[in-house]
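Scroll down for the structure; my scribbles are underneath it.
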Amino acid sequence: MSLTLYNTLSRTKENFVPLKDKNVGMYACGPTVYNYMHIGNLRSFLFEDILKRTLLFDSFKVKHVMNITDVGHLTSDADVGEDKMLKGARREGKTVWQIADFYTKAFLDDIKKMNLLPPSKLCKATDHIKEQIEMIKVLEKKGYTYFKGGNVYFDTSKLDDYGKLAQLNLRAETQARVEKDLNKKNPHDFVLWFTKSKFQEQEMKWPSSWGKAGYPGWHIECSAMATKYLGKQFDIHCGGIDHIPVHHTNEIAQSEAANSKKPWVKYWLHNEFLVLQREKMAKSGENFITLSTLIEKGIDPLDYRYFCLGTHYRKPLMFSYEALEGAKAARKRLNEKFLELKKTDTSSAAKQKKYLDTFTNDINDDLNTPKALAVAWDVLKEENITDKDKHSLLLKFDKVLGLNLKALKKEKLKIPAEVKKLAELRLVARNNKDWKKADELRGRIKELGYVVGDTKDGYEIKKE
Ligand SMILES: [Zn+2]
């Protein structure tokens, strides 16, 4: 019954025990705000949402910190390629600041539509330059850095356990890098601070003691902000599996080096990709599908949420519109069944317990959402518990699943005026014992997609 989570650091499922009582510090790497999020990115944020909701379901207190990367992230995570923010600015003829602002708002809009709980703290890299410089200074003082070609580098050879998260075989990989930065002493070294940028028009610059104004490398922002808001040691750090070999590996290196090699984060959690025709979803070409793309095709963001819940977060999720349509139909059925539940029945906590226990076990087993979702369906099909119990259970499950069942209640009353009028006419016909007319009216209501049924005090209308 207690929560177990797969820790990338140990490559095993471990019992989750926070560092401090029931308080959980959780850091999630946020978006680089140079474009819309594609739905593969959103799968990562959904996984983190399920994790957070499960922790809350288990009565933990969660402090969830997420960064917004608005500076320093190159198209390759390993300090090569173009600057992502500049790329966005050039594409749209705007300044990098305008780009950051616009896509931060778009991101927040997306996560709201997908019913993701907002982070407790959302922090921008550009608002924390001071903290990043301070951390680089600590690393410099402790001898973990070198200055070459105008940039400050982290010297990975100074740590004997560099690459432990990714289980990197450093010797074997030395030859593998394609584009080389000749300033680096070791291929895995990375930039902490740029002053000599290869991007001449770089607008985001700050003064520092390393010569002319510069800007931070990508990895340092997460270490600096996580430490500021969650402390030098905290419980959970998460993100997509693509973060394991470079970004998270470098975050660990610099954070533990700065903090006298004390273990930085206890549990590292990573989700698998959304896969489109055997390729990882990317921000280019036809593989670039956003939430708006789905909405235009009549897919509700919660249909996409339901679709993702059907596959465990550590398994690749094959994307297809057919599969998404299947999820949409299933969610529609689930919603309708939920709305049909009568709340006037008797309720029994004892009868609910079996299902609540099963659900709790499944979700606490490394966030097994496919199984947890199946329990919701089992409850709806079960004949031995009352509607009221089903209703109560579904609402409890939805605290984790996040399908927003609570909000459905309001929609129930939205029956078109024409349907209501026909139902009234049918009632009159019935009262006059004009069965033929009543049946005819029932047929017309059905044509409009509704079913009318008789009750003690009149009638009720449901969607077909
Ligand atoms: Zn990060």
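Would it be correct to say that Q254 is over 22 Å from the mean Cα position of the chain (by Cα), at pLDDT 95 or above and within 12 Å of the ligand (Cβ to nearest atom)? Judged against the criteria, Q254 is a match.
D242 satisfies every condition listed in (1) within 16 Å of the ligand (Cβ to nearest atom); (2) surrounded by fewer than 24 Cβ atoms within 10 Å (Cβ to Cβ); (3) at pLDDT 95 or above except (3).
Screening L9, L3, L56 for residues that are surrounded by fewer than 23 Cβ atoms within 10 Å (Cβ to Cβ), within 16 Å of the ligand (Cβ to nearest atom) and of a type outside the set (F, W, Y) leaves exactly one candidate, L9.
Filtering L394, L441 for residues that are in contact with a helix residue (DSSP H, G or I) (Cβ under 9 Å, 6 or more places away or on another chain) and either farther than 30 Å from R43 by Cα or open to solvent by 10 Å² or more (accessible area, probe 1.4 Å) (or both) leaves a single hit, L441. Taking region 43-53 on its own, how many of its residues are within 13 Å of the ligand (Cβ to nearest atom) and either of a type in the set (D, E) or modelled with pLDDT under 95 (or both)? Final tally of qualifying residues: 1. Across region 25-42, the number of residues qualifying as out of contact with any strand residue (DSSP E or B) (no Cβ under 9 Å at 6 or more places or on another chain) and either more than 16 Å from the ligand (Cβ to nearest atom) or in a strand (DSSP E or B) (or both) comes to 2.
For region 12-40, which residues satisfy the criterion of being of a type in the set (S, T, N, Q), touching an Asp or Glu at 6+ places or on another chain (Cβ under 9 Å) and surrounded by fewer than 21 Cβ atoms within 10 Å (Cβ to Cβ)? Of everything in region 12-40, just one residue is of a type in the set (S, T, N, Q), touching an Asp or Glu at 6+ places or on another chain (Cβ under 9 Å) and surrounded by fewer than 21 Cβ atoms within 10 Å (Cβ to Cβ), namely N23. Return yes or no: is I220 within 24 Å of the chain's Cα centre (by Cα), within 12 Å of the ligand (Cβ to nearest atom) and open to solvent by 10 Å² or more (accessible area, probe 1.4 Å)? No, not satisfied. There is no residue in region 426-446 that is modelled with pLDDT under 90 and not in a helix (DSSP H, G or I). Can you confirm whether region 100-122 contains a residue that is in a strand (DSSP E or B) and at pLDDT 95 or above? There is at least one residue in region 100-122 that is in a strand (DSSP E or B) and at pLDDT 95 or above.
The values are calculated or read from the model by the stated rules, or taken from the named source; none is laboratory data. Source: prediction; values computed, not measured. In this analysis, Cβ positions are derived from the backbone assuming ideal geometry, glycine residues included, and neighbour counts consider all displayed protein chains. Accessible surface is based on the protein model in full, side chains and every heavy atom, while ligands, DNA and RNA are left aside. Shrake-Rupley method; radii C 1.70, N 1.55, O 1.52, S 1.80 Å.
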